[in-house]
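Remarks on the structure that follows.
The values are calculated or read from the model by the stated rules, or taken from the named source; none is laboratory data. These numbers were taken from a predicted model, which means no experiment stands behind them. Methodologically, a virtual Cβ is constructed for each residue, glycine included, from the backbone with ideal geometry; neighbour enumeration extends over all protein chains shown. In case anyone asks, the SASA skips ligands and DNA or RNA and just uses the protein heavy atoms, side chains included. Shrake-Rupley method; radii C 1.70, N 1.55, O 1.52, S 1.80 Å.
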Amino acid sequence: MSVKRIGVLTSGGDAPGMNAAIRAVVRQADALGLETYGVYRGFQGLVDQDWRPLTSRNCSNILQRGGTILFTARCQAFLVPAVRAQVGRDLRDAGIEALVVIGGDGSFTGADLLGRETGIPVAGIPGTIDNDLPGTDRTLGFDTALNTAIEAIDRIRDTASAHERVFLVEVMGRQSGMLAVHTAIACGAEAVLFPEGEGESFEGLVAQLRSGWERGKRASIIVVAEGDKVGNAYAIGERLRKDHNLDLRVVVLGHIQRGGSPTALDRIHGSWWGAEAVRRLAAGESGFFLGLKAGELVVQPLSRLRDPRPAPPRTLSDLVPILAR
Ligand code: ATP
């Protein structure tokens with residue numbers, strides 16, 4: 001059966017570059033003579049049958065915008081097999097014969113289940129600022145979020161130096177230290193705390209700071225991933241202040257990291273993956289997601305998601321204290 005109408009949705013946390021992917025899906029489909037339906041608010045839109053045709057013209061002027069024109073949501077109902085079965089029937093009734101899902105590992109799991117249970121062909125495009133999907137070196141939004149965090153920390157560094165203070169800066173990444181470690185390297189942090197960090201301890205952090213002071217450092221930036229097992233930035237800050245009488249401030253970058261215009265790389269990857277997803281669905285493929293390995297576009301089965309979550313390279317995290325000398 002050749003596909004004539006495909007659906008596209010964004011799900012989970014929003015990530016800059018999602019709009020580039022939507023635009024590429026719609027315009028590549030258009031070029032192949034296929035129709036695209038935009039599904040609103042992720043899987044919730046599938047449950048509510050909240051979908052509308054999207055044309056190439058609807059995608060004008062969105063490439064450079066953060067967020068997602070299709071909105072995004074988390075949808076508990078989609079965890080229920082009977083709900084997914086109904087979604088499969090509704091999609092068929094609407095003539096939507098294949099689906100592109102742009103999101104993180106949760107969204108890919110939902111897409112995989114929908115595809116296998118209902119036979120609707122599905123394709124995944126990695127869209128999460130966490131960069132924590134197996135099978136791809138990059139996900140949409142990571143590069144932008146990284147650059148946003150670095151820009152913010154460069155400003156914090158100025159005031160940290162002026163006041164000779166320690167700053168704890170919390171970045172996103174509940175289960176993944178990818179953003180924290182890359183941010184720490186790129187902003188020259190004195191230390192980084194992240195969930196996969198081995199042998200991390202409060203005492204280790206204090207020893208690291210102390211050795212910096214002994215070498216004449218008066219200002220320090222410590223990057224903390226929000227999910228770090230040593231504790232969140234406020235708790236660590238309180239302890240450092242109390243036990244070590246430090247002049248210290250805590251900054252939680254929070255949702256600032258999600259917004260903003262996507263970097264060139266996030267626009268390029270979104271465009272590349274969006275178009276490739278449509279070409280492969282049109283050719284009858286299903287159950288895959290797109291990624292990047294060694295600079296090349298790669299195609300992975302959605303079952304790859306069961307592989308371990310990638311951790312930041314040890315060679316990179318080990319560099320943080322060395323480069324802070
Ligand atoms: P991010 O990494 O940015 O958080 P994500 O895609 O991992 O993105 P989740 O909130 O984990 O975000 O998942 C998004 C949605 O995917 C959920 O709200 C739910 O609708 C669906 N989903 C997640 N896990 C499953 C599952 N095991 N079965 C079915 N659907 C799921």
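Structure notes:
- Once segment 51-107 is narrowed to residues that are within 27 Å of PRO134 (Cβ to Cβ) and among the basic types (Lys, Arg), the residue that is nearest to the ligand (Cβ to nearest atom) is ARG74.
- Remark: pairs (first residue in segment 236-254, within 20 Å of MET172 (Cα to Cα); second residue open to solvent by 60 Å² or more (accessible area, probe 1.4 Å); Cβ separation under 7 Å; 6+ apart in sequence or on different chains) = VAL250/TYR234.
- Within segment 1-18, the set of residues being in a loop (DSSP other than H, G, I, E, B) and more than 14 Å from the ligand (Cβ to nearest atom) comprises MET1, SER2, VAL3, LYS4.
- Residues (open to solvent by 20 Å² or more (accessible area, probe 1.4 Å) and free of Cβ contacts under 8 Å to residues at least 60 places away in the same chain) located in segment 165-184: ARG174
- In segment 108-124, the residues that are over 19 Å from PRO81 (Cβ atoms) and within 11 Å of the ligand (Cβ to nearest atom): GLY124
- Flag for ILE120 being in the same structural domain as ALA73 (by TED's automatic domain parsing), of a type in the set (Val, Ile, Thr) and either open to solvent by less than 10 Å² (accessible area, probe 1.4 Å) or outside any helix (DSSP H, G or I) (or both): yes
- Qualifying residue in segment 19-37 (condition: within 16 Å of the ligand (Cβ to nearest atom), open to solvent by 10 Å² or more (accessible area, probe 1.4 Å) and over 15 Å from VAL278 (Cβ atoms)): no
- Flag for VAL100 being touching a Leu at 6+ places or on another chain (Cβ under 6 Å) and at pLDDT 95 or above: no
- Hits in segment 157-184 - residues which are in a helix (DSSP H, G or I) and either in contact with a strand residue (DSSP E or B) (Cβ under 7 Å, 6 or more places away or on another chain) or of a type in the set (A, V, I, L, M) (or both): ARG157, ALA160, ALA162, MET178, LEU179, ALA180, VAL181, THR183, ALA184
- Any chance ILE150 is out of contact with any Lys or Arg (no Cβ under 7 Å at 6 or more places or on another chain), within 15 Å of the ligand (Cβ to nearest atom) and among the β-branched types (Val, Ile, Thr): no
- Selection status of GLY33, assigned to a helix (DSSP H, G or I), at pLDDT 95 or above and not acidic (Asp, Glu): no
- Against the test of being within 22 Å of GLY274 (Cβ to Cβ), touching a residue at least 60 places away in the same chain (Cβ under 8 Å), out of contact with any Phe, Trp or Tyr (no Cβ under 6 Å at 6 or more places or on another chain) and open to solvent by 20 Å² or more (accessible area, probe 1.4 Å), the options ARG65, ARG74 yield a single qualifying residue, ARG65.
- The one condition in (1) open to solvent by 10 Å² or more (accessible area, probe 1.4 Å); (2) in contact with a Pro (Cβ under 6 Å, 6 or more places away or on another chain) that PRO16 fails to fulfil: (1)
- Any hit, segment 83-94, residues being touching a Pro at 6+ places or on another chain (Cβ under 7 Å) and assigned by TED's automatic domain parsing to the domain that holds THR10: no
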